[in-house]
Structure formats: structure tokens, C-alpha cells
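Everything on this sheet refers to the single structure shown next.
The values are calculated or read from the model by the stated rules, or taken from the named source; none is laboratory data. What you are looking at is a predicted structure, and each value in this text was computed from that prediction instead of being measured. With ideal geometry, Cβ positions are generated from the backbone for all residues, glycine too; neighbour counts draw on all protein chains shown.
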Amino acid sequence: MRFSPLLSKVFFTFSSLARLGTPHQARLPQLSQLRPLPLRSMSGIPFLGALFGSSSSNNSSKMSYPDKRSDDEWRAVLNKEQFRILREKGTEPPGSGKFDKHYPEEGVYTCAACHAPLYKAKQKFKSGCGWPAYFDSIPGAVTRHEDKAFGMTRTEIVCSNCGGHLGHVFKGEGFPTPTDERHCVNSVSLSFAPDDKAGEAKDAKESKA
Ligand SMILES: [Zn+2]
């Protein structure tokens, strides 16, 4: 049995204190906090379980969108992880996405499936939640649905052009943004176009066919 230097030190400190008969024994449970929480036990927490599971509520996928590709057609253009998240409403692990800590000056985040422009770089903010966060979208680019999966009512957001799952939107969390909304989006659902001015100049019209 091997201990890390830190754990050994904690054990040593504890056993020294115990020998002295001090009342510090109450500190023992803190040892468990030094170990990373196994992922399996996290799924026992309803909120975290929901983040890692896929939604059973598919009301949004029954809706009609301009881009009506079939699952087979999507499989041909999306990789496995993109398909799981965009078409099966999965969620990427927090902190894992390539756009989580991506803060460009300008450019546009597009749908990774159909490339419709969704969010301007200027709409992104640091939420610290582990997923890309936007306080607003390009007008009309994102459609909201009530998501009642996992015994909770949340607001799912999908791409208005193809219905691809993006994430959820949360309101009233107190972030200092113009909307006090947080579009919590999977990086996997997004692409980034640094030169795309769609969000700046073409807000009003959806010119991409
Ligand atoms: Zn799309």
C-alpha cells in the first residue's frame, strides 16, 4: 500500500495529534476530501447525473427544422461524440471542451453540424461553470424547449436551423451581463469562424441557406 507524500504527512500529523490526546480527531474525515470523487458516485447527485446522462425528453427532436437530415445523414458528417451530443442530447464533461476557455476578440461560433451562425464572440463570458457560456445568441439562431428530463424542468437550447442540441439556458444567476442569462453550450456542438462577421453585420437576416 502506497501513500502520496501529502497523505503520508496528513497521517503522520494525525497520528501525532492522536498520541497527544488532543481533540483534533474530528479532522479525520477531511482525509476523504483529498481523494478525487469517483465519477460513478457523482452520477448519484441528481444535478450532476443530468449533466452526464442523455436526455430522455425528445420533444425538440420531433419539431421541424429547415435542415431535415436523417440520423444516417448526420452520422456521415458528424463524428461519434458530435452525434451523441448534437443528435442524442448528450453532454460533454465539464472543463473538457475546446471552447471553454476560448475568448477571442471577434468572430462567430457556428453550429458544428450545419454551420449556422449562433453566437458572437462578444456574447461569450467567463462563467466558471466548465462549459462555454454566452449571455445572448444571434437573434433567432437558437430555439428554446422545455426539458423535463431527470425530474427537473430546464430550458434546452437547440440550433434553429437543424435542431442540433446545444445545451441549456439558465436565468437569474446574478452574472453581471446585459441579460442575466447563461447559455451553457457544449464545445462539441460548436465551430468557430474567426473571420465571420455574420454576427456583426447580418444580425437581422438569416442569409446563410
Ligand atoms: Zn445546426
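Among the numbered criteria (1) over 18 Å from Asp67 (Cβ atoms); (2) modelled with pLDDT of 95 or more; (3) in contact with a helix residue (DSSP H, G or I) (Cβ under 9 Å, 6 or more places away or on another chain), which one does Ala133 miss?
Condition (3) is where Ala133 drops out.
What do you reckon, is Lys101 among the basic types (Lys, Arg) and in a loop (DSSP other than H, G, I, E, B)?
Working: among the basic types (Lys, Arg): yes; in a loop (DSSP other than H, G, I, E, B): yes.
Criteria met by Lys101.
What's the number of the only condition in (1) farther than 24 Å from Phe83 by Cβ; (2) more than 16 Å from the ligand (Cβ to nearest atom); (3) modelled with pLDDT of 95 or more; (4) not hydroxyl-bearing (Ser, Thr, Tyr) that Pro139 fails to meet?
Pro139 satisfies every listed condition except (2).
Is the range 105-122 home to any residue that is more than 25 Å from Asp196 (Cα to Cα), in contact (Cβ under 8 Å) with a residue 24 or more places away in the chain, surrounded by 17 or more Cβ atoms within 10 Å (Cβ to Cβ) and away from the ligand (no atom under 16 Å from the Cβ)? Explain how you work it out, then say what you get.
Step one: of the range 105-122, the residues more than 25 Å from Asp196 (Cα to Cα) are none.
Within the range 105-122, none of the residues are more than 25 Å from Asp196 (Cα to Cα), in contact (Cβ under 8 Å) with a residue 24 or more places away in the chain, surrounded by 17 or more Cβ atoms within 10 Å (Cβ to Cβ) and away from the ligand (no atom under 16 Å from the Cβ).
So, His165, is that one buried (at least 23 other Cβ atoms within 10 Å of the Cβ), closer than 21 Å to Asp71 by Cα and either under 16 Å from the mean Cα position of the chain (by Cα) or within 16 Å of the ligand (Cβ to nearest atom) (or both) or not? Walk me through how you get there before you give the answer.
Numbers: buried (at least 23 other Cβ atoms within 10 Å of the Cβ): yes; closer than 21 Å to Asp71 by Cα: yes; either under 16 Å from the mean Cα position of the chain (by Cα) or within 16 Å of the ligand (Cβ to nearest atom) (or both): yes.
It is true that His165 is buried (at least 23 other Cβ atoms within 10 Å of the Cβ), closer than 21 Å to Asp71 by Cα and either under 16 Å from the mean Cα position of the chain (by Cα) or within 16 Å of the ligand (Cβ to nearest atom) (or both).
Consider Pro139 carefully, then state whether it is out of contact with any Phe, Trp or Tyr (no Cβ under 7 Å at 6 or more places or on another chain) and crowded, with 22+ Cβ neighbours inside 10 Å.
Numbers: out of contact with any Phe, Trp or Tyr (no Cβ under 7 Å at 6 or more places or on another chain): yes; crowded, with 22+ Cβ neighbours inside 10 Å: no.
Taking the combined requirement at face value, the residue does not satisfy it.
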